[in-house]
Amino acid sequence: MADLADLAWPEVPPAGLVLVPVGSTEQHGPHLPFTTDTVIAQAVAVELAERSGAVVAPPLAYGASGEHQSFRGTVSIGHEALASLVVELIRSLSTWAGRIVLVNGHGGNVQTLREVVPRMRRETHRVAWLPAGLPGGDAHAGRTETSLMLHLHPAAVRLDRLEPGAAGHLADLLPALRSGGVAAVSPNGVLGDPRGSSAEEGADVFDAICASAVRRLHADVVGPDGCLADA
C-alpha cells in the first residue's frame, strides 16, 4: 500500500491500481464529526490497498450533501460540480494509472457516480466505483456509522450526546426528506438510533465492508451503473 500524498513521482508505480476515497463534509447528528463519511471511505480504501498493493489518492472530502444543508457546518458542492470534478479526476489519473476505483462513503454521491462513471468507461477509462458500506445498516448517524467511528476514530465520537433521531424505514421517510431535507424528518440530523453502538460492533461491520470490497475488487465485474458487483 502507498499513500500518493507521501510519494515522490518516481515512486509512483506505472499503470497501477489507484483507489480514491470519496466522502463528504456534512452533519452527522450531535455526536459525530463532519468528516464521518470521509473517514470511513478512506479507512476502507487503505485496507483495500494493504491487500492489493494499490496507491491511495487523497480523499475527496466534499460531495453532494444538499439534503443536510439546513444544518450549519455542512458544505455541499452539489451534483453538477461533483460530476465535473470526478470527470476531470478520472481523465487526469488515467494518464498514468492502469485502473481507478472510487471508494464512496456518502449515499448522496451515488447519483453522480452512477451517471459519471459509465460515461467515463465509454471514454475507455478503466474506472469503477464501490460502496464503503453494507445494505441493512441504518441510514445516517445511527448505530452503524456510530459503531464504525467508535472503531476507526473513537476520540471523535461524543458519547454524551447519543440520542435517537427519525425512526422507521428510509423508504417511508424519503418523500419528506426529498422535499425538505433531513431536517424535515429529523431535527437532530440522525436517521436511526446510535444508542447501543460499540467499537466491537464497528470492527465487525468494518470487516464485512472490507470483505465485500475485496471480493468486488478482485472479481472486477462492473455493472451498468459503473459499480463493482459483489461476487
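In region 123-138, what count of residues is obtained for those that are modelled with pLDDT of 95 or more and either under 22 Å from PRO58 (Cβ atoms) or open to solvent by less than 30 Å² (accessible area, probe 1.4 Å) (or both)?
Qualifying residue count, region 123-138: 8.
If the requirement is being free of Cβ contacts under 8 Å to residues at least 60 places away in the same chain and closer than 26 Å to PRO224 by Cα, which of these qualifies: ALA41, ALA45, ALA139? It would help to see each step written out before you state the result.
Numbers: ALA41 fails: free of Cβ contacts under 8 Å to residues at least 60 places away in the same chain; ALA45 fails: free of Cβ contacts under 8 Å to residues at least 60 places away in the same chain.
Unique residue meeting the criteria: ALA139.
What number of residues within region 139-164 are open to solvent by less than 20 Å² (accessible area, probe 1.4 Å) and part of a loop (DSSP other than H, G, I, E, B)?
Keep residues of region 139-164 that are open to solvent by less than 20 Å² (accessible area, probe 1.4 Å), which gives 140-142, 146-149, 156-157.
After this cut, where a residue has to be part of a loop (DSSP other than H, G, I, E, B) as well, the list is 141-142, 157.
Of the residues in that region, 3 qualify.
Might you check whether a residue that is assigned to a strand (DSSP E or B) and either open to solvent by less than 20 Å² (accessible area, probe 1.4 Å) or not basic (Lys, Arg) (or both) occurs anywhere in region 80-98?
Checked against the condition, which is being assigned to a strand (DSSP E or B) and either open to solvent by less than 20 Å² (accessible area, probe 1.4 Å) or not basic (Lys, Arg) (or both), region 80-98 yields no hits at all.
Specify the residue that is nearest to LEU191 (Cα to Cα); the eligible residues are those in region 108-122 that are open to solvent by 10 Å² or more (accessible area, probe 1.4 Å) and in contact (Cβ under 8 Å) with a residue 24 or more places away in the chain.
Taking the candidates together, the pick is GLY108.
Find all pairs meeting these conditions: Cβ atoms under 9 angstrom apart; at least six residues apart or on different chains; first residue within region 179-192 and farther than 13 Å from ALA141 by Cβ; second residue surrounded by fewer than 16 Cβ atoms within 10 Å (Cβ to Cβ) and among the aliphatic types (A, V, I, L, M).
Cβ pairs passing all conditions: ALA184/ALA176.
Looking at the structure I just gave you, is GLU50 part of a helix (DSSP H, G or I) and within 13 Å of ASP3 (Cα to Cα)?
So GLU50 fits the description; yes.
Tell me the residue from VAL46, VAL75, VAL56 that is open to solvent by 40 Å² or more (accessible area, probe 1.4 Å), of a type in the set (A, V, I, L, M) and under 15 Å from the mean Cα position of the chain (by Cα), please.
The match here is VAL46.
Looking at region 1-28, I want the residues that are over 30 Å from ALA139 (Cα atoms) and have a partner that is of a type in the set (D, E, K, R) and open to solvent by 30 Å² or more (accessible area, probe 1.4 Å) with Cβ atoms under 6 Å, at least 6 apart or on another chain. Which pairs are those?
MET1/GLU50; LEU17/ARG99
Are there any pairs, at least 6 apart or on different chains, whose C-beta atoms fall under 6 Å, with the first in region 153-171 and more than 17 Å from GLY202 (Cβ to Cβ) and the second open to solvent by less than 80 Å² (accessible area, probe 1.4 Å) and assigned to a loop (DSSP other than H, G, I, E, B), and if so, which?
Here the result reads ARG161/HIS31; PRO164/ASP193; GLY165/SER186; GLY165/ASN188; GLY165/VAL190; ALA166/VAL185; ALA166/SER186; LEU170/ALA139, each pair linking region 153-171 to a residue that is open to solvent by less than 80 Å² (accessible area, probe 1.4 Å) and assigned to a loop (DSSP other than H, G, I, E, B).
The values are calculated or read from the model by the stated rules, or taken from the named source; none is laboratory data. Keep in mind it's a predicted model, so treat the numbers as computed, not measured. Every residue, glycine as well, gets a Cβ built from its backbone with ideal geometry; the counts of neighbours run over all protein chains shown. Only protein heavy atoms, including side chains, enter the accessible area calculation; ligands, DNA and RNA are left aside. Shrake-Rupley method; radii C 1.70, N 1.55, O 1.52, S 1.80 Å.
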